[in-house]
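Read through the structure below, which is laid out as structure tokens, and then see the notes.
The values are calculated or read from the model by the stated rules, or taken from the named source; none is laboratory data. A quick note: this is a predicted structure, and the numbers were derived from the prediction, not measured. Glycine also receives a Cβ, built like all others from the backbone with ideal geometry; neighbour counts cover every protein chain displayed. To get the accessible areas, we keep the full protein, side chains included, count just its heavy atoms, and leave off ligands, DNA and RNA. Shrake-Rupley method; radii C 1.70, N 1.55, O 1.52, S 1.80 Å.
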Amino acid sequence: MRCLFLGVFCAWMLPAAAAGQGPPQEIPDVEVKESRVGFSGGDGSGSPSRYKLGMWCPVYVKIKAGPKGILPKPGEAEPYLQTETDDAEDVGTIYRTPFRMDPNEERWLTTYVRPGHRGQIKVRVVVGAQSYGPPAHIGYDLDLDAHLLVSVGGRMPDLAAAVAALNHQGAGRNPLGRGDPDDPGPRHVGFIDDFDLLPEEWFGYQGVDILFLSTRHRDFLLKLVKDNEAGRRRLAAIGRYVRGGGRLVIGISRQHADLVHQLLQAPVWKPPVPVVPPRDGLVESKKLTGVEAFAGVVGEPFTGQAVRLDPANLLPGAWEVLAPPLGTFNPETDRPLLVRMPYGLGSITLAAFALDEPPLTNWQRGKVEFLKKLILRIGPRSPARDVAQDITTRNDLGTDLQKALDNFNIRIIPFGYVALLIIIYILLVGPVDYLLLKYVFHRLEWTWFTFPTIVAAVSVAAYFTAYAIKGSELRINKVDIVDIDQRTHLTAQGAVAQAAAYGQTFFTILSPQIKNYTIGVEPNSRFWGETTNRPFRADMITWFGRPDVGFGGIGQRGSGPGFFRKPYRYERGAGGLSDVPIPVWTTKSFNATWEAIPIAPPIQGRLSYTRGIDWKVSGTLTNNLGVDLEDVWLFHHNRYFRLAAGFPRGGELTINLQAGQDRSINHWNDAARDGTRATSAQGPYNPCPFVRLALFHERLDQGGNRRNHLLRGLDLS
């Protein structure tokens with residue numbers, strides 16, 4: 001009997017097993033393997049990546065294509081990566097990056113995200129009608145007050161050690177206050193050691209306070225200087241980051257000085273880098289005393305060879321020498337070891353030796369001290385943290401500017417009147433309705449008609465009354481900051497060859513309707529005197545939030561988007577916004593950046609400077625801008641002068657200044673207050689003082705009374 005049962009069981013299983021084999025399964029067209037938000041952790045030991053809340057950062061997705069590759073099919077949209085997160089007002093934002101892949105190709109793809117809250121960042125890979133979600137990413141979000149230092153081209157262990165020492169050194173004065181054991185302090189380190197992971201959009205570096213370019217690996221540099229689309233886009237992104245106020249540090253390896261020379265002379269640097277070190281040439285020196293003095297290290301010599309930084313025919317004042325060879329510097333004979341030059345609104349710092357290879361890495365005690373001093377010298381001022389009061393609750397210039405732009409000339413109904421109208425409404429739908437129907441009409445059943453009629457009538461009356469008071473016009477408050485750079489691109493004789501314009505636009509929209517808007521910014525070239533209508537477009541438009549704990553505050557835990565508020569979308573390259581929802585009679589703020597390169601010099605200066613105790617500045621200034629200037633100020637080192645209350649276009653100012661007529665820059669913001677530009681129903685309207693503070697924040701606010709975390713890139717101090 002057992003044999004019969006076994007035979008029947010086997011006969012029943014065999015057909016099922018044969019049917020289970022079936023035809024071979026197709027290999028999927030897309031396999032999403034991994035994702036990462038931000039920059040890899042500084043120690044490289046599997047620590048989570050770093051990114052800063054309220055700032056753009058790169059998002060990486062590792063994808064493997066199937067045998068057919070990943071290409072658009074007829075009638076379908078281009079495949080794309082999509083990131084979705086909430087802005088500071090809990091409204092969803094979508095950023096998309098199209099891509100294509102060859103059959104069986106496997107690589108990392110890069111897109112971007114700007115998170116407004118500590119919330120979920122959704123990453124999707126969309127191919128046709130299919131959507132793929134990568135495994136959960138691991139990332140560590142940093143507050144706006146944190147400093148993020150990133151090295152590209154290689155990992156720099158000594159940089160992580162220097163940051164750890166600085167955080168430990170300041171722990172007693174600036175405690176964390178959040179009680180997070182994984183947060184080492186206000187400074188953090190990240191790195192990119194893969195060429196393919198370098199951002200192709202400049203705003204991928206927006207949250208980076210200091211960017212270090214390693215020159216140790218020749219293959220990495222060759223890819224960066226190679227004349228192809230990949231190299232050009234990645235190098236151009238670095239250049240645009242610096243021009244927008246970024247800080248770039250390049251330590252030149254003596255084996256690769258030729259590639260650094262080629263990199264800094266690449267045509268993507270627009271305008272050209274002012275000082276490009278020679279292609280070759282070593283400074284034969286056994287003891288680099290200037291670096292020892294800069295680092296403040298005594299008793300441990302810094303020895304080795306350094307590369308030449310100064311090319312022939314160097315213009316005076318082209319750079320600031322941070323470390324002369326022997327503690328003093330003679331520009332006629334000495335070779336500097338560490339210099340910093342302005343580039344756009346930012347700076348490029350050059351070291352005559354690599355920062356991640358000998359001789360610096362062999363300098364046992366001095367290497368960390370040198371990097372610490374370098375970070376303190378060229379980096380933004382360290383934030384102060386307080387146990388009793390979180391940093392985000394204090395004043396920040398970004399919050400002040402946003403609040404100033406939110407001041408529209410709209411009459412606000414006092415709360416007493418609103419309360420009175422509410423009481424009248426309650427009386428109408430309650431006692432008045434009851435008494436009329438019971439004692440006048442003797443028809444209580446009519447309440448089925450009178451009650452909704454009263455509600456509808458009062459609602460319509462309130463609606464039209466509000467329109468009559470607030471108006472039905474779309475309103476915009478806007479502040480433009482236009483920096484005209486005439487110092488970067490000079491001729492061999494020191495004259496201005498070409499100028500560049502860098503713009504920041506901050507604006508707030510008041511919507512009289514429930515409506516979705518398309519947002520774009522186009523700079524007007526006639527402002528800087530051009531007669532042609534060259535089309536310019538903002539290269540980044542995004543929402544503008546506030547670094548505080550209130551509604552719209554950056555970094556707080558968001559409540560999630562509303563059910564009826566759909567997310568809005570960035571256009572490609574963040575050059576515009578589509579379908580931005582703004583509820584009726586509410587406001588939303590935005591920020592746009594743009595640049596125009598090259599332009600004709602809009603200010604002509606013929607000035608001479610006489611040195612000495614009784615120094616003088618004399619000459620003329622000519623206004624070739626397309627606008628009249630209301631206030632003109634001249635800055636000289638840490639001093640300032642008020643030149644004129646008006647400077648019409650085409651006009652000329654005669655300059656005759658001497659010692660004793662100037663004042664310290666510390667008093668400039670108070671002296672420059674010119675009253676209010678306008679007075680609205682909500683009070684005085686004048687966002688200009690906050691712009692002035694942002695431009696020279698570190699010089700004007702030595703006591704740390706105001707923070708400038710959101711607008712840090714504008715600081716020219």
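For region 687-714, which residues satisfy the criterion of being over 18 Å from F544 (Cα atoms), open to solvent by 20 Å² or more (accessible area, probe 1.4 Å) and not hydrophobic (A, V, I, L, M, F, W, C)? Listed by number, the residues that qualify are R692, E698, R699, Q702, G703, G704, N705, R706. Of the residues making up region 435-453, those that are in a helix (DSSP H, G or I) and of a type outside the set (A, V, I, L, M, F, W, C) are K438, Y439, E445, T447, T450, P452, T453. Just name the residue that is most open to solvent (accessible area, probe 1.4 Å) out of those in region 526-541 that are closer than 15 Å to A499 by Cβ and in contact with a Ser or Thr (Cβ under 7 Å, 6 or more places away or on another chain). Step by step, filter region 526-541, then rank; the result is R534. Residues in region 23-53 that are modelled with pLDDT of 90 or more and of a type in the set (G, A, S): G38 alone.
Results for (1) more than 28 Å from F590 (Cβ to Cβ); (2) of a type in the set (S, T, N, Q); (3) surrounded by 12 or more Cβ atoms within 10 Å (Cβ to Cβ), shown as yes or no for each residue.
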{"residue": "T399", "(1), (2), (3)": "no, yes, yes"}
{"residue": "N409", "(1), (2), (3)": "no, yes, yes"}
{"residue": "L420", "(1), (2), (3)": "yes, no, no"}
{"residue": "L428", "(1), (2), (3)": "yes, no, yes"}
{"residue": "F451", "(1), (2), (3)": "yes, no, yes"}
{"residue": "V455", "(1), (2), (3)": "yes, no, yes"}
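The C-beta contact set for region 629-658 (first residue in contact (Cβ under 8 Å) with a residue 24 or more places away in the chain, second residue surrounded by fewer than 14 Cβ atoms within 10 Å (Cβ to Cβ) and of a type in the set (S, T, Y), distance under 6 angstrom, 6+ apart or interchain) comprises E652/T620; T654/T620. Evaluate the following for I476: is it modelled with pLDDT of 90 or more, open to solvent by 70 Å² or more (accessible area, probe 1.4 Å) and among the hydrophobic types (A, V, I, L, M, F, W, C)? So I476 fits the description; yes.
Exactly one residue among P383, P342 is modelled with pLDDT under 80 and either touching a strand residue (DSSP E or B) at 6+ places or on another chain (Cβ under 8 Å) or in a helix (DSSP H, G or I) (or both), and that residue is P383.
Checking H442 against (1) open to solvent by 70 Å² or more (accessible area, probe 1.4 Å); (2) within 30 Å of T586 (Cα to Cα); (3) of a type outside the set (V, I, T): exactly one of these is not met. Which one? Evaluating H442 over (1) open to solvent by 70 Å² or more (accessible area, probe 1.4 Å); (2) within 30 Å of T586 (Cα to Cα); (3) of a type outside the set (V, I, T) leaves (2) as the failure.
One residue stands out in region 136-153 among those that are assigned to a loop (DSSP other than H, G, I, E, B) and surrounded by fewer than 20 Cβ atoms within 10 Å (Cβ to Cβ): the one that is modelled with the lowest pLDDT, namely I138.
For A501, the criteria (1) among the small types (G, A, S); (2) under 21 Å from the mean Cα position of the chain (by Cα); (3) farther than 25 Å from L716 by Cβ hold in every case but one, which is (3). Condition (residue is open to solvent by 70 Å² or more (accessible area, probe 1.4 Å), modelled with pLDDT of 80 or more and within 23 Å of G529 (Cβ to Cβ)) applied to region 607-626: is it met by at least one residue? Checked against the condition, which is being open to solvent by 70 Å² or more (accessible area, probe 1.4 Å), modelled with pLDDT of 80 or more and within 23 Å of G529 (Cβ to Cβ), region 607-626 yields at least one hit. Condition first: among the acidic types (D, E), out of contact with any Phe, Trp or Tyr (no Cβ under 6 Å at 6 or more places or on another chain) and under 28 Å from Q206 (Cβ atoms). Can you find one or more residues in region 313-322 that meet it? The answer is yes, given that some residue of region 313-322 is among the acidic types (D, E), out of contact with any Phe, Trp or Tyr (no Cβ under 6 Å at 6 or more places or on another chain) and under 28 Å from Q206 (Cβ atoms).
Can you confirm whether F551 is at pLDDT below 70, open to solvent by 70 Å² or more (accessible area, probe 1.4 Å) and farther than 24 Å from Q206 by Cα? It is false that F551 is at pLDDT below 70, open to solvent by 70 Å² or more (accessible area, probe 1.4 Å) and farther than 24 Å from Q206 by Cα. Inspect all residues belonging to region 488-505 and state whether any of them is free of Cβ contacts under 8 Å to residues at least 40 places away in the same chain and under 26 Å from D400 (Cβ atoms). No; the residues of region 488-505 include none that is free of Cβ contacts under 8 Å to residues at least 40 places away in the same chain and under 26 Å from D400 (Cβ atoms). Scanning region 454-478 for residues that are polar (S, T, N, Q) and not in a loop (DSSP other than H, G, I, E, B), we see that the one that is nearest to I413 (Cα to Cα) is T465. V291 - would you say it is of a type in the set (V, I, T) and either modelled with pLDDT of 95 or more or closer than 30 Å to A574 by Cβ (or both)? No. If only residues of region 237-266 that are in a loop (DSSP other than H, G, I, E, B) and polar (S, T, N, Q) are counted, the one that is nearest to L224 (Cα to Cα) is Q265. No other residue among L235, L224, L248 is at pLDDT below 95 and surrounded by 19 or more Cβ atoms within 10 Å (Cβ to Cβ) apart from L224. Exactly one residue out of R96, R107 is touching an Asp or Glu at 6+ places or on another chain (Cβ under 8 Å), open to solvent by 70 Å² or more (accessible area, probe 1.4 Å) and modelled with pLDDT of 90 or more: that is R107. Of all residue pairs spaced 6 or more apart or on separate chains, those with beta-carbon atoms under 6 Å, a first member in region 277-295 that is open to solvent by 50 Å² or more (accessible area, probe 1.4 Å) and a second member that is among the acidic types (D, E) are R279/D258. Per the listing G177, G204, the residue uniquely modelled with pLDDT under 90 and open to solvent by less than 50 Å² (accessible area, probe 1.4 Å) is G177. Listed by first and then second residue, the pairs linking a residue in region 432-459 that is under 19 Å from I422 (Cα atoms) to a residue that is of a type in the set (F, W, Y) and surrounded by 14 or more Cβ atoms within 10 Å (Cβ to Cβ), with Cβ atoms under 9 Å apart and 6 or more places separating them unless they lie on different chains, are D433/F451; I454/Y425; V455/Y425; V458/Y425.
Within region 112-135, restricting attention to residues that are hydrophobic (A, V, I, L, M, F, W, C) and without any contact (Cβ under 8 Å) to a residue 60 or more places away in the chain, the residue that is most open to solvent (accessible area, probe 1.4 Å) is A129.
Of all residues in region 267-276, one or more are touching a residue at least 24 places away in the same chain (Cβ under 8 Å), under 28 Å from Y60 (Cβ atoms), among the aromatic types (F, W, Y) and assigned to a loop (DSSP other than H, G, I, E, B).
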